[in-house]
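Trainee: This structure is in structure tokens; I'll ask about it shortly.
The values are calculated or read from the model by the stated rules, or taken from the named source; none is laboratory data. Here the structure is a predicted model, which is why all the values come from computation and not from measurement. Cβ atoms come from the backbone with ideal geometry, glycine included; neighbour counts cover every protein chain shown.
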């Protein structure tokens, strides 16, 4: 699990990448190793869930913004309705994002969820409902982030397409207008 | 007035968005209210002008151009520049740093501290709104507007830890049971209210039920420190009553009158069972 030491090339934000991976890896590592070494469920639970919650926070607030330029959150508007917001950078900035950064971001996000699912299956097989609880909580947090950022990305692509088509339309109309203004 | 983008955006697009955020922050602080809700088409008429030489903070209520485009998932509420009503932790820290680097901050540490401080202060303010007497309790929707789940998470874990420490045997089961009971209970209670036709937002209600555990946390702490049964009984009764008092207005205002008891009784039941757990642990 050596994500933080990639071969060779340049990450644009190595510190952010490091933290992005750190808490995920720490939660998984702690869970796996502690189950082998000592038997105190409460400590395992609290530490693992805490690390997972920290990871959730870091991904949502810091690395999502820095590595891929996406963010999502929930607001309650004046009418008392809950609104989910998804935001992305404009296309130019998105294109400038470091490819390695975003590769790391997405892959670790998906992989950590997969690992938790695998661990969940193990604990199911062993009939350990306690540990299933831990896995359940961590999985929920990972999936929440995945869903949030994937929705951001989909919206981003849709908007980019809209933007592209409308920009072309507006440029055409502006050149026509400037042509007319000259007359 | 020309409608073209290119000649009215002198700065590069990413710093444009940063400036937008800062401007909106300033505008909103001037307007002292939730920012004017702007028509939210991602492609709106561009700003009239942004003089490069003078301060960039001149503009206007024109919705920001696409650089920072957003969409709401149900297309209901237009894009509200997020700086004034700080959304859950994300927005402000980047708008606080007017670096012109785009909406992402310069260093890792600076925004993290800001965000952490903001989160903590939100937990404290939510706690004060829910659990202590204050003028907003009559309008529950407004009171927990900035719901967050960190407070409830800490309180539930804390309660589980207290119960687990007080238990002399089977510590881990006690913890797991307490956590699962509280988490599942909160979800089920929320579903109950929703199914009764109540108007409450899922996460807001989860957040509320979590915050209302705070008095029971205090009760559990006291019970852990003093082992006398009578003291425990009194403390738990007092804190239970406090919890129920805290939860009552939010739940009862969410459902209509005839179903109030149906919505409130399960909440009562859950808190009473937690109270019994606290008393009975030895």
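Trainee: Residue under question is residue A:119, and the condition is that it be out of contact with any strand residue (DSSP E or B) (no Cβ under 9 Å at 6 or more places or on another chain), crowded, with 18+ Cβ neighbours inside 10 Å and modelled with pLDDT of 80 or more; does it hold?
Mentor: The answer is yes for residue A:119.
Trainee: Let me confirm something: among B:157, B:130, which residue is crowded, with 17+ Cβ neighbours inside 10 Å, farther than 30 Å from residue A:97 by Cβ, at pLDDT below 90 and within 20 Å of the chain's Cα centre (by Cα)?
Mentor: Sole residue among the options that is crowded, with 17+ Cβ neighbours inside 10 Å, farther than 30 Å from residue A:97 by Cβ, at pLDDT below 90 and within 20 Å of the chain's Cα centre (by Cα): B:130.
Trainee: I need the full set of residues from the range B:218-237 which are surrounded by fewer than 22 Cβ atoms within 10 Å (Cβ to Cβ) and either touching a strand residue (DSSP E or B) at 6+ places or on another chain (Cβ under 8 Å) or in contact (Cβ under 8 Å) with a residue 60 or more places away in the chain (or both), in order please.
Mentor: B:224
Trainee: Residue check: is residue A:25 within 30 Å of residue B:159 (Cβ to Cβ), at the interface with another protein chain (Cβ under 7 Å from one of its Cβ atoms) and at pLDDT 80 or above?
Mentor: Here the answer is no, as residue A:25 does not meet what is asked.
Trainee: Another question, if that's okay. Based on what the data block shows, is residue A:151 within 12 Å of chain B (Cβ to nearest Cβ), under 20 Å from residue A:66 (Cβ atoms) and out of contact with any helix residue (DSSP H, G or I) (no Cβ under 9 Å at 6 or more places or on another chain)?
Mentor: Here the answer is yes, as residue A:151 does meet what is asked.
Trainee: Can you tell me how many residues within the range A:70-84 are at pLDDT 80 or above and part of a loop (DSSP other than H, G, I, E, B)?
Mentor: Final tally of qualifying residues: 0.
Trainee: Here is a further query. When the residues of the range B:264-282 are filtered to those that are in a helix (DSSP H, G or I) and over 20 Å from residue B:205 (Cα atoms), which remaining residue is farthest from the chain's Cα centre (by Cα)?
Mentor: Among residues in the range B:264-282 that are in a helix (DSSP H, G or I) and over 20 Å from residue B:205 (Cα atoms), the one farthest from the chain's Cα centre (by Cα) is B:280.
Trainee: Something else about it: What is the residue count in the range A:28-61 for residues that are touching a helix residue (DSSP H, G or I) at 6+ places or on another chain (Cβ under 7 Å), more than 13 Å from every other protein chain (Cβ to nearest Cβ) and either touching a residue at least 40 places away in the same chain (Cβ under 8 Å) or not in a helix (DSSP H, G or I) (or both)?
Mentor: 3
Trainee: Say we look at the range A:133-148 and pick out the residues that are surrounded by fewer than 18 Cβ atoms within 10 Å (Cβ to Cβ), within 14 Å of another protein chain (Cβ to nearest Cβ) and touching a residue at least 12 places away in the same chain (Cβ under 8 Å); which of these is farthest from the chain's Cα centre (by Cα)?
Mentor: Across the range A:133-148, the extreme among qualifying residues is A:136.
Trainee: Residues being modelled with pLDDT under 85 and within 8 Å of chain A (Cβ to nearest Cβ): count how many of those fall in the range B:160-185.
Mentor: 3
Trainee: Is it true that some residue in the range A:87-101 is at pLDDT 80 or above and facing chain B (nearest Cβ under 10 Å)?
Mentor: No - not one qualifying residue is present in the range A:87-101.
Trainee: Testing residue B:261 on (1) over 19 Å from the mean Cα position of the chain (by Cα); (2) in contact (Cβ under 8 Å) with a residue 24 or more places away in the chain; (3) surrounded by fewer than 18 Cβ atoms within 10 Å (Cβ to Cβ); (4) assigned to a helix (DSSP H, G or I), one condition comes back false. Which one is that?
Mentor: The failed condition is (2).
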